[in-house]
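**Q** Quick one: the structure is below, questions incoming.
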Amino acid sequence: MTMLLNPYLSFRDNAREAMEYYRSVFGGDLQIQTFAEFHLDQDPADKDKVMHAMLTTDRGLVLMGSDTPASMDYHPGNGTVSLSGDDSAELHREWDRLADGGTVMMPLEQAPWGDTFGGCTDRYGVTWFVDITEPVTV
């Protein structure tokens with residue numbers, strides 16, 4: 001049996017812009033459906049907002065998101081997305097894109113456990129941790 005764990009981000013009125021930004025960071029295929037397409041646009045102001053967006057990359061990354069309808073409470077900044085791996089060049093590029101226009105909380109640098117690690121909040125208020133695994137030498 002296959003099981004996946006996929007981050008699902010919430011936005012207020014800018015999910016389309018944010019998800020297109022993440023496609024520019026990670027590449028991949030982005031699918032977006034609006035509240036109107038699902039016939040869930042009870043408030044006319046919500047009809048063109050994103051009911052569901054899914055970004056799928058060739059590397060197997062999946063990131064989902066949606067706008068929070070005006071009738072619901074919105075709590076930005078809940079949770080953190082962690083991105084890790086051993087492709088140093090690619091992860092450095094993604095870090096640079098995520099940090100651009102955002103706030104770096106911890107610079108991407110060598111951590112006490114030997115990996116390269118950093119934390120930032122991107123321009124959409126999403127917190128990211130990036131951990132680049134360093135090769136083990138014997």
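The values are calculated or read from the model by the stated rules, or taken from the named source; none is laboratory data. Since we're looking at a predicted model, the values are computed, not measured. Note: ideal-geometry Cβ built from the backbone for every residue, glycine included; neighbour counts use all protein chains shown. Keep in mind that these areas ignore ligands, DNA and RNA; they rest on the heavy atoms of the full protein, side chains included. Shrake-Rupley method; radii C 1.70, N 1.55, O 1.52, S 1.80 Å.
**Q** Mind putting a number on the dipole of the chain about its Cα centre? Charges go on the C-beta only, +1 for Lys and Arg and -1 for Asp and Glu, and I need it in Debye to the nearest 20. Write out the running numbers ahead of the final one.
**A** Details: 9 positive and 23 negative charges, 28 e Å.
The calculated dipole for the chain is roughly 140 debye.
**Q** For region 1-110, what % of the accessible area comes from carbon and sulfur atoms, probe 1.4 Å? Don't jump to the answer; show the numbers that get you there.
**A** Working: 3440 of 6960 Å².
C and S fraction of accessible area: 49 percent.
**Q** Also, I was wondering about something else. So, with +1 on the Cβ of K and R and -1 on the Cβ of D and E, and no other charges, what is the size of the charge dipole of region 11-90 about its Cα centre, to the nearest 20 debye? Provide the component values of the computation, followed by the final result.
**A** Details: 6 positive and 15 negative charges, 13 e Å.
Magnitude of the dipole: close to 60 debye.
**Q** Test of understanding: extend the Cα→C-beta vector of residue 97 to 7 Å, then name every residue of region 119-135 with backbone N under 14 Å from that spot.
**A** Inside the label zone: 123.
**Q** Let me ask something else about it. Just by accessible area at a 1.4 angstrom probe, what is the order of 88, 71 from largest to smallest? Please report the intermediate quantities before stating the final value.
**A** Values: 88 50, 71 105 Å².
Ranked list, largest accessible area first: 71, 88.
**Q** Just to make sure I understand: if all protein chains stay in place, what is the order of 95, 113 by accessible area at 1.4 Å, largest first? Write out the running numbers ahead of the final one.
**A** Numbers: 95 20, 113 145 Å².
Ranking 95, 113 by accessible area, largest first, yields 113, 95.
**Q** If you don't mind, there's one more thing I want to ask. Determine, from the Cβ-Cβ distance of residue 8 and residue 113 and an R0 of 30 Å, the FRET efficiency 1/(1 + (r/R0)^6), rounded to the nearest 0.05. Working shown, then result.
**A** Working: r = 28 Å, r/R0 = 0.95.
Once rounded, the FRET efficiency stands at 0.60.
**Q** Let me ask something else. Taking every eigenvalue of the Cα gyration tensor of region 18-138, multiplying by 5 and rooting it, what semi-axes result, largest first, whole Å?
**A** On the way: eigenvalues 216, 50, 22 Å².
Values for region 18-138, descending: 33, 16, 11 Å.
**Q** Could you compute how much accessible surface residue 103 exposes when probed at 1.4 Å, giving the result in Å² to the nearest 10?
**A** Taking all protein chains as shown, residue 103 has close to 90 Å².
**Q** Rounded to the nearest 10 Å², what accessible area does residue 82 have for a 1.4 Å probe in the complete protein model?
**A** Here the residue's solvent-accessible area equals roughly 80 Å².
**Q** Roll a 1.4 Å probe over the protein chains and send me the accessible area per residue for the chain in Å². Write down the numbers at each step before the final one.
**A** Working: 8400 Å² over 138 residues.
Ligands and nucleic acids excluded, the result is 61 Å² per residue.
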